[in-house]
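Here the structure comes first, spelled out in structure tokens, and everything after it is commentary.
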Amino acid sequence: KANVKVVLTRTVEQYFWKEGRAVPTYDRENWIDFERAVATSKLRDEDEKEHTTDWKLTSGRISIHYAEEEWNDYKSLSDSVLHIDLRNWADICVVAPLSAHTLGKIANGLCDDLLTCILRAWDFGNTKKPIVLAPAMNTAMWEHPLTNMQLKTVKSLGREEGKDAVVVVQPVAKTLACGEVGV
């Protein structure tokens, strides 16, 4: 049984996630499977936040968090902070797809959205709470020298006693969002 919390970046929200955008046509087969799972098992709690979508699957629960939720409920010092709550809750953090943009923000310590705030607060030295990065970008971006430098920087944050707390899943060749075939 797995419980999953999906954190959408503003870019994903704006260009890929909204109805009628790129994802349904870009990866139609997986999108149909996703829609089917949501349609057959959607669950909304009465006290659920307006922008959070939850549904229950046979193997666990999935919730979606949007960038704007980060500070919605924060009013005073005693209130919880979403990125800290999510960091504490998670046993693993998977960033998929990892864009060149988000990789650059992580490598340089920028935290201007919910995802990068979670990662900035993450305990990179704890190999029991690994981070899995799945880069997905244009081939020219993947092969750019900065990408290699940024990946090395992020991976070096998660090294402890010969163990890696940051794992990079190598990209596969397929049709990219730009229409080219590459990694």
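Each other residue within a Cβ distance under 15 Å of Met149 adds +1 if Lys or Arg and -1 if Asp or Glu, for a net charge of +2. With a threshold of 25 Å on the Cα-Cα distance, the over-threshold entries among Lys5/Lys75; Lys5/Lys174; Lys5/Lys155; Lys105/Lys152 are Lys5/Lys174.
Near the amide H of Val132, within less than 5 Å, lie the amide hydrogens of Cys93, Val94, Val95, Val167, all on another chain or at least 5 residues away, with H placed in the peptide plane. Once backbone amide H atoms are built at 1.01 Å from N, Arg61 has Ala2, Asn3, Val4 as its partners under 5 Å, excluding neighbours fewer than 5 places away on the same chain.
Would you mind giving the three semi-axes, in whole Å and largest first, of the ellipsoid equivalent to region 129-183 according to its Cα gyration tensor?
So the three semi-axes of region 129-183 are 25, 12, 7 Å.
Read-outs throughout are calculated quantities, based only on the coordinates presented, and are distinct from any laboratory measurement. As the structure is a prediction and not an experimental result, all values here were calculated from the model. Ideal geometry is used to build each Cβ from the backbone, glycine not excepted, and the neighbour counts take in all protein chains shown.
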